[in-house]
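Heads up, the thing below is written out as structure tokens.
The values are calculated or read from the model by the stated rules, or taken from the named source; none is laboratory data. Just so it is clear, the structure is predicted and the values come from calculations on it, not from any experiment. With ideal geometry, Cβ positions are generated from the backbone for all residues, glycine too; neighbour counts draw on all protein chains shown. Surface accessibility is based on the protein's heavy atoms, side chains included, excluding ligands, DNA and RNA. Shrake-Rupley method; radii C 1.70, N 1.55, O 1.52, S 1.80 Å.
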Amino acid sequence: MRRPPVIRRAVVAATVSLITVASLAYHYSLDWRNAPIATFSRPEFTPCAIWPDSPTSGLGSHGYENCHVALKTPYIGDQSVLGNPEQCLRASRRLDPYRPSAHRNWSEVRWGQVQSRCASGKNKLSPYEKIMHQQWRLLPNSSKKVNGSHKIGREVAIVLRTWDDYDYTETRLAWLRALIAEASLERQNKYRVFFLVNIKDPNARLEEDVFEYDRLMRECVPSEFRDIAFLFNERTLQAWYPDVPEHGAQDQMYQALQIFSHKFPQYEHIWQLEMDLRLTSHVHDTLESAASFARSQGRRNLWERNGRFYIPEQHDGSWDNFTHTVDAEIGNTGIWGAVSTTDFTPRGPPAPSRSNTTWGVGEEADLISFMPMIDPRGTDWLYEHIIHGFTDETSTPRRVAIISITRSSRRLLHLVHEAQRRRGQWLVSEATLETFALLHGLKAVTVPHPIVFDDQETIEELAANIDRGPWSNKAGGEMPSLLYTYQGWIDGPWWGASYWFTGYGAQKIWDSYMKGGKFPPMLLHPIKEE
């Protein structure tokens, strides 16, 4: 594909696949509609130590502080959907323990072994990482079997992707260590972290040459992360998906994740985070809050809610009012189950009668996104017409959500894997999971997290700019400002937004947070700190 001379995405700029794994049996009693949208109640756990023989655990001290922070208005989303906005975590208490110190030798840490030890509760080495690395390097049609390979399970993964030349500065290392500790060690190892490392040399024989693989691992990955890192390149992806001509991260952000899911089916869900994402609150608690919200959502007019921004001041600060507004506008004409297209067999659950208005409540989402899922047709989006292998071609019903920070299910990733490998069906990254979820009738949810803007606008001006499409997907329509179009950038508030694929808004908030500022739980993207 010929790439246009444009900033494709800040998403692609820094990509490590950092996979964090969690047991789905670990549920919290959150009724998102009736509780303060605040999250689950954090269970009391004894954190697992990084250095078990040390008098201290090596972990940060995470005392939540009471805070009453009013976000700059107007903003979109709900301040409570990612956690309790009345409680804040200071950046210094989260990150300072993971910086260089005379008392902590990070080069001797092996994060895979630490997580395995914490998961088992036994202070001994584990074959877990070695088995996974052996399994990872098997070719697509290999008949080899790895003893101890994992079977289908109910764990969850989070993925961040990185490059072979990613600059692991001390600031970034502190964030990665804190992320692993918060996601895994401080919450009884319910999540587990890995890296997927994109090797730029397309000729490296990663699967066949163990010496080449080991050399690149030593050169590209800090020693503390090597037992949780997996290497791949475009040659790897070509071997798995020969009928898809594109294998670069810009267009196929999920292919390496699809392979990971195929090889390690113990993970029922996988979070994909990015290296330039930052969270202003506890990583595990934030993601569990997002998953709890998604679980609480019913299927009635869900795709229509997904296609809009929630502007709280337009609905008296009530998500229920927002939901009732969408229901009143859409009625019983919204998407219900799989959307049909020619020569495509849906594999999702059959839709019940429309009278079953609670369908989907309590159901785990196959896809969780943090931006609206809109219909790209008619938007003038730069990648609107890129769809291959579908009979209806550009008339195929689709959805797209910018920024590939998602949680996807094993079922959805397998369906995409199968479509690309067997039928050569593909779209660009931001439209891949969303479109396959739509066509298969799987549950997909946009989490309305808080996004603030640096520009001074009224509620009416903001709504007129970002929610002016048709009722079916109001964040879409002709030339929405959140996308890059054939006409270039469309005037809008996004350059100063706290969450977008480029711009300065996220960095501005993160800099303030690092200097001691208090913020409710937020996702900030992109952050390009050194």
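Which whole-number percent is the relative contact order of the chain (Cα, under 8 Å, 6+ apart)?
It comes to 21 percent, rounded to a whole number.
Cα centroid distance between the stretch 189-216 and the stretch 439-470, in Å?
Cα centres, the stretch 189-216 to the stretch 439-470: 38 Å.
Counting only the heavy atoms of the protein chains, how much of residue 200 is accessible to a 1.4 Å probe, in Å² to the nearest 10?
Residue 200 exposes around 110 Å² with every protein chain in place.
Rounded to the nearest 20 Debye, what is the dipole magnitude of the stretch 366-438 about its Cα centre when Lys and Arg each give +1 and Asp and Glu each give -1 at the C-beta?
In total the dipole reaches around 400 debye.
May I ask for the percentage of alpha-carbon pairs in the chain that lie more than 41 Å from each other?
Value for the chain: 16 percent of Cα pairs lie more than 41 Å apart.
By its C-alpha gyration tensor, with a ≥ b ≥ c as the square roots of the eigenvalues, how is the stretch 443-530 shaped: rounded for a/c under 1.5, else prolate for a/b larger than b/c, else oblate?
Here the stretch 443-530 falls in the prolate category.
Taking a spot 7 Å from the Cα of residue 391 along the direction of its beta carbon, which residues of the stretch 429-453 have an amide N less than 18 Å from it?
Within reach of a label on residue 391: 436, 439-441.
Using a Förster distance of 35 angstrom, determine the FRET efficiency expected from the C-beta separation of residue 139 and residue 380, and round it to 0.05.
Efficiency computed from Cβ-Cβ geometry: 0.25.
So how much accessible area does residue 107 have, in Å² to the nearest 10, using a 1.4 Å probe?
Spelled out: residue 107, probe radius 1.4 Å, area about 70 Å².
With only alpha-carbon atoms counted, please give the Rg and Dmax of the stretch 178-332, in Å.
20.6, 63
Under 1.5 on a/c is rounded, so check that first for the stretch 267-360, then, if it is not, pick prolate when a/b is larger than b/c and oblate when it is not; a ≥ b ≥ c are the square roots of the alpha carbon gyration tensor eigenvalues.
oblate
So which of 474/515; 190/474; 130/190; 151/443; 130/528; 130/151 end up more than 26 Å apart, counting from Cα to Cα?
474/515; 190/474; 130/528
R0 = 45 Å: FRET efficiency of residue 512 with residue 201, Cβ-based, nearest 0.05?
That gives a FRET efficiency of 0.70.
Ignoring ligands and nucleic acids, what accessible area does residue 361 show with a 1.4 Å probe (Å², nearest 10)?
For residue 361, the solvent-accessible surface is approximately 90 Å².
Check cross-link reach from residue 508 to the aspartates and glutamates: straight Cα distance under 17 Å, and skip same-chain residues fewer than eight apart.
In chain and number order, the partners are 276, 454, 455, 529, 530.
By the scheme Lys and Arg +1, Asp and Glu -1, what is the net charge of all other residues having a beta-carbon under 10 Å from that of residue 74?
Once all neighbours under 10 Å are counted, the net charge is -4.
Given the Cα-Cα distance of residue 347 and residue 72 and 0.36 nm per residue of separation, how much length would full extension add, in nm?
94.6 nm
Once each part is reduced to its C-alpha centroid, what is the distance from the stretch 502-530 to the stretch 367-406 in angstrom?
A separation of 28 Å, based on Cα centres.
Sticking with the crude label model, points 7 Å out along Cα→Cβ, report the distance from residue 210 to residue 113 in nm, one decimal please.
Here the modelled spin labels are 2.0 nm apart.
What FRET efficiency comes out for residue 358 versus residue 165 if R0 is 51 angstrom and r is the Cβ-Cβ distance? Round to the nearest 0.05.
0.55
With +1 on each Lys and Arg Cβ and -1 on each Asp and Glu Cβ, how big is the dipole of the stretch 398-461 about its Cα centre, in debye rounded to the nearest 20?
For this selection, approximately 1000 debye.
With +1 assigned to the C-beta of every Lys and Arg and -1 to the C-beta of every Asp and Glu, and no other charges, what is the dipole magnitude of the chain about the Cα centre in debye, to the nearest 20?
1720 debye
So which GluC sites (Glu not before Pro) in the stretch 198-271 are both in a DSSP loop and have at most 12 other Cβ atoms within 10 Å of their Cβ?
Loop-located and lightly packed - 208.
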